[in-house]
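Trainee: I have a structure here, written as structure tokens, and I will follow up with some questions on it.
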Amino acid sequence: MVEIKTDAALEAMREAGRVVGQALAAVRDAADVGVSLRELDGVAREVLGKAGATSPFLGYHPSFAPGPFPAVICASVNDAVVHGIPDDYRLRDGDLVSIDCGAVLDGWAGDAAVSFTVGTPRPADLALIETTRRALEAGMAAAVVGNRVGDISHAIGGVARAARCGVPADFGGHGIGRRMHEEPHVPNRGKPRRGLPLRHGLVLAIEPMLLAGGRDDYRAAPDGWTLRTADGSRAAHIEHTVAITDDGPRILTLP
Ligand code: MG
Ligand code: MG
């Protein structure tokens, strides 16, 4: 079911989203060569805890996963696309890191992700991150009243394909509200003028995930959670929770 939020709910979701933005900013500040993914999870836990927020990631158990997720962030490094489990891996010079984080505050959820490099970056990684950022910008620009979900998908996919990046078919954005994952699904590629019409009060998590090798396929790692590129190329993932309003798209997950 697609839930249209009241203006009061949009204000409440902005507060939940702010906590997500703050957690991601703190994780990014803390991330450096030699820092472990588990330590980064601890940084996000502290931000959520101080804000009185809970994590929609912790204990989350979708049907594809072997067990409940054990952390408040997903930390996906290099060829990991999404859903990486923060473990004792210590970041190395030149790693490309994608951090996904959610928060629930006063019953409302926020969901966002960032990609960045640590140490000396590879130029190709900076280009991939920039393309992913532009894909998100294009998707958000299409998130306006009068458009349809397919217009967002088409905008994201267009930027990805122009840069010869791969786009996984089965994972993408989603509606969000009292639950982190609501209808509709927001694919990262698709046909314009198709799908649900966008209305004031619809809130979507828009989240391009781009694969540098140009292939769309991926594989699940032995942990059952982490998705890695099939060709071993690197991936980037950037996400914002965005409200569609009569005044244009409103990003809810800025710090
Ligand atoms: Mg997310
Ligand atoms: Mg999401």
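The values are calculated or read from the model by the stated rules, or taken from the named source; none is laboratory data. Because the structure is a prediction, the values reported are computed rather than measured. Please note: Cβ atoms are built from the backbone with ideal geometry, for glycine as well, and neighbour counts cover all protein chains shown. The accessibility values were calculated without ligands, DNA or RNA, using every heavy atom of the protein model including side chains. Shrake-Rupley method; radii C 1.70, N 1.55, O 1.52, S 1.80 Å.
Trainee: Out of all the residues in region 172-183, is one or more away from ligand 1 (no atom under 16 Å from the Cβ), touching a strand residue (DSSP E or B) at 6+ places or on another chain (Cβ under 9 Å) and open to solvent by less than 20 Å² (accessible area, probe 1.4 Å)?
Mentor: no
Trainee: Looking at 125, 87, 93, 111, which one is touching a Ser or Thr at 6+ places or on another chain (Cβ under 9 Å), of a type in the set (Asp, Glu) and assigned to a helix (DSSP H, G or I)?
Mentor: Values: 87 fails: assigned to a helix (DSSP H, G or I); 93 fails: assigned to a helix (DSSP H, G or I); 111 fails: assigned to a helix (DSSP H, G or I).
Of 125, 87, 93, 111, the one residue that is touching a Ser or Thr at 6+ places or on another chain (Cβ under 9 Å), of a type in the set (Asp, Glu) and assigned to a helix (DSSP H, G or I) is 125.
Trainee: Within the set of pairs 6 or more residues apart or between chains, which connect a residue that is closer than 11 Å to residue 239 by Cα inside region 130-157 to a residue that is among the polar types (S, T, N, Q) and open to solvent by less than 50 Å² (accessible area, probe 1.4 Å) with Cβ atoms less than 7 Å apart?
Mentor: Short answer, once both residue conditions are applied: 132/115.
Trainee: Output the residues belonging to region 203-219 that are away from ligand 1 (no atom under 16 Å from the Cβ) and crowded, with 20+ Cβ neighbours inside 10 Å.
Mentor: Taking region 203-219 as the starting set, the residues that turn out to be away from ligand 1 (no atom under 16 Å from the Cβ) are 211-219.
Answer for region 203-219, where residues must be away from ligand 1 (no atom under 16 Å from the Cβ) and crowded, with 20+ Cβ neighbours inside 10 Å: 211, 212, 218.
Trainee: Is there a residue in region 112-124 that is touching a Gly at 6+ places or on another chain (Cβ under 8 Å) and within 16 Å of ligand 1 (Cβ to nearest atom)? Show your work before the answer.
Mentor: We begin by selecting, within region 112-124, every residue touching a Gly at 6+ places or on another chain (Cβ under 8 Å); these are 112, 117-122.
Right, trim to within 16 Å of ligand 1 (Cβ to nearest atom) and you get 112.
There is at least one residue in region 112-124 that is touching a Gly at 6+ places or on another chain (Cβ under 8 Å) and within 16 Å of ligand 1 (Cβ to nearest atom).
Trainee: Between a residue in region 96-116 that is on the phi > 0 side of the Ramachandran plot and any residue that is more than 10 Å from ligand 1 (Cβ to nearest atom) and open to solvent by 10 Å² or more (accessible area, probe 1.4 Å), which pairs come within a Cβ distance under 9 Å, given they are 6 or more apart or on different chains?
Mentor: From residues that are on the phi > 0 side of the Ramachandran plot, the pairs are 106/12; 106/15; 106/52; 106/53; 107/12; 107/178.
Trainee: Name the single residue, out of those in region 154-183 being in a helix (DSSP H, G or I) and more than 15 Å from residue 249 (Cα to Cα), that is farthest from ligand 2 (Cβ to nearest atom).
Mentor: If we filter region 154-183 for residues that are in a helix (DSSP H, G or I), which is where we start, we get 154-162.
Narrowing the set further to residues that are more than 15 Å from residue 249 (Cα to Cα) leaves 154, 156-162.
Working: 154: 19, 156: 13, 157: 17, 158: 21, 159: 18, 160: 17, 161: 22, 162: 24 Å.
For region 154-183, the residue satisfying everything is 162.
Trainee: Is it the case, given these coordinates, that residue 82 is modelled with pLDDT of 95 or more and within 16 Å of the chain's Cα centre (by Cα)? Don't jump to the end; show me each part of the working.
Mentor: Numbers: modelled with pLDDT of 95 or more: yes; within 16 Å of the chain's Cα centre (by Cα): yes.
For residue 82, the condition - modelled with pLDDT of 95 or more and within 16 Å of the chain's Cα centre (by Cα) - is met.
Trainee: Considering only residues that are surrounded by fewer than 17 Cβ atoms within 10 Å (Cβ to Cβ) and of a type in the set (D, E, K, R), which ones fall in region 184-202?
Mentor: Once the filter is applied, which keeps residues that are surrounded by fewer than 17 Cβ atoms within 10 Å (Cβ to Cβ) and of a type in the set (D, E, K, R), region 184-202 yields 191, 193, 194, 199.
Trainee: Here's something else I'd like to know. Scanning region 208-221 for residues that are out of contact with any Cys (no Cβ under 7 Å at 6 or more places or on another chain) and within 16 Å of ligand 2 (Cβ to nearest atom), which turns out nearest to residue 156 (Cα to Cα)?
Mentor: If we filter region 208-221 for residues that are out of contact with any Cys (no Cβ under 7 Å at 6 or more places or on another chain), which is where we start, we get 208-209, 213, 215-221.
Retained after the next criterion (residues that are within 16 Å of ligand 2 (Cβ to nearest atom)): 208-209.
Details: 208: 7, 209: 10 Å.
By that ranking, first place goes to 208.
Trainee: List, please: which pairs have Cβ atoms under 7 Å, are six or more places apart or on different chains, and start with a residue in region 28-54 that is over 17 Å from residue 118 (Cβ atoms) and end with one that is open to solvent by 50 Å² or more (accessible area, probe 1.4 Å) and assigned to a helix (DSSP H, G or I)?
Mentor: Listed by first residue and then by second, the contacts come to 47/22.
Trainee: Being more than 13 Å from the chain's Cα centre (by Cα) and part of a strand (DSSP E or B) is the filter; apply it to region 96-108 and report the residue that is farthest from residue 48 (Cα to Cα). Lay out the reasoning, then the answer.
Mentor: Step one: of region 96-108, the residues more than 13 Å from the chain's Cα centre (by Cα) are 96, 104-108.
After this cut, where a residue has to be part of a strand (DSSP E or B) as well, the list is 96, 104-105, 108.
Values: 96: 24, 104: 9, 105: 9, 108: 13 Å.
Looking at residues that are more than 13 Å from the chain's Cα centre (by Cα) and part of a strand (DSSP E or B), I get 96.
Trainee: Sort out which residues of region 48-63 are within 18 Å of the chain's Cα centre (by Cα) and part of a helix (DSSP H, G or I), and write them in order of number.
Mentor: Of everything in region 48-63, just one residue is within 18 Å of the chain's Cα centre (by Cα) and part of a helix (DSSP H, G or I), namely 48.
Trainee: Suppose we filter 212, 221, 124 for residues that are modelled with pLDDT of 95 or more, in contact with a Leu (Cβ under 6 Å, 6 or more places away or on another chain) and over 30 Å from residue 7 (Cβ atoms); which single one remains? First the steps, then the outcome.
Mentor: Details: 221 fails: in contact with a Leu (Cβ under 6 Å, 6 or more places away or on another chain); 124 fails: in contact with a Leu (Cβ under 6 Å, 6 or more places away or on another chain).
Only one candidate qualifies: 212.
Trainee: Still on this structure: Please find, within region 222-255, the residue that is most open to solvent (accessible area, probe 1.4 Å) out of those that are part of a strand (DSSP E or B) and more than 16 Å from ligand 2 (Cβ to nearest atom).
Mentor: First, the residues of region 222-255 that are part of a strand (DSSP E or B): 227-229, 235-237, 239-243, 250-251.
Of the ones still in play, those that are also more than 16 Å from ligand 2 (Cβ to nearest atom) are 228-229, 250.
Numbers: 228: 68, 229: 1, 250: 83 Å².
So, considering only residues that are part of a strand (DSSP E or B) and more than 16 Å from ligand 2 (Cβ to nearest atom), the one most open to solvent (accessible area, probe 1.4 Å) is 250.
Trainee: Another question about this same structure. Of the numbered conditions (1) among the aliphatic types (A, V, I, L, M); (2) within 16 Å of ligand 1 (Cβ to nearest atom); (3) surrounded by fewer than 21 Cβ atoms within 10 Å (Cβ to Cβ), residue 127 satisfies every one except a single condition; which is it?
Mentor: The failed condition is (2).
Trainee: Condition first: within 17 Å of residue 209 (Cβ to Cβ), within 12 Å of ligand 1 (Cβ to nearest atom) and in a loop (DSSP other than H, G, I, E, B). Now tell me which residues in region 64-83 satisfy that.
Mentor: Result: 83, single match.
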